[in-house]
Amino acid sequence: MNLRKMMFLLYIGLILLSACTMQADDSDQARQGLMTFFDNLSKGNYEKAAELYGGSYETLVSWNPELNPDDHAALWQGGCQVNGLQCLTVRSATFNERTTAGEYIFTLEFNDPAGDLFTLEGCCGDTTVSPVSQFEYHVVQGGDGKFQVIDMPVYVP
């Protein structure tokens, strides 16, 4: 193999390696945004949490008709303190994949208030549903470069 071919292959290899590294860096940043979102919710920092949320507020608005629909911090407070959203700390966040649409998909486990693994049981005493402790969350990168969570916390009626 001549030197020119070797240099070309080395160059292509470096480009591919840098692309993989960039995606890994992006998934780390997406993971950090996800962790920070839930950390803020669990600590009652609703204004900061709202900055990291890019999903729909439709459900929170319908649950809290007395609140200003543009007051996202108040909507999060209602969701976490009144409406049954489980605004818990993250126990683990595993990166699954980046979709072709640019969504970063993670599997999360949460700590319950006592620090144990949060497990969602079947509603209203239903024992036919298996308990769930892993939940899928999606994160997207906004036009401003910031990563935002697009799924709401687990809901318990």
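Could you grab me the full set of residues in the stretch 102-146 that are among the small types (Gly, Ala, Ser), at pLDDT below 90 and over 19 Å from Leu52 (Cβ atoms)?
Scanning the stretch 102-146 gives Gly122, Gly125, Ser130.
Working carefully through the options Thr59, Thr107, Thr127, find the one that is polar (S, T, N, Q), without any contact (Cβ under 8 Å) to a residue 40 or more places away in the chain and over 20 Å from Ala30 (Cβ atoms). Walk me through it before giving the result.
Details: Thr59 fails: without any contact (Cβ under 8 Å) to a residue 40 or more places away in the chain; Thr107 fails: over 20 Å from Ala30 (Cβ atoms).
Sole residue among the options that is polar (S, T, N, Q), without any contact (Cβ under 8 Å) to a residue 40 or more places away in the chain and over 20 Å from Ala30 (Cβ atoms): Thr127.
Can you confirm whether Asp116 is of a type in the set (D, E, K, R) and farther than 24 Å from Gly142 by Cα?
Numbers: of a type in the set (D, E, K, R): yes; farther than 24 Å from Gly142 by Cα: yes.
So Asp116 passes the test.
I need the full set of residues from the stretch 76-104 which are among the aliphatic types (A, V, I, L, M) and in contact (Cβ under 8 Å) with a residue 24 or more places away in the chain, in order please. So that I can check it myself, show each step before the final result.
Step one: of the stretch 76-104, the residues among the aliphatic types (A, V, I, L, M) are 82, 85, 88, 90, 93, 101.
Leu85, Leu88, Val90, Ala93, listed by residue number.
The values are calculated or read from the model by the stated rules, or taken from the named source; none is laboratory data. Keep in mind the model is a prediction, meaning the values are calculated, not measured. All Cβ positions, glycine included, derive from the backbone under ideal geometry; neighbour counts span all protein chains shown.
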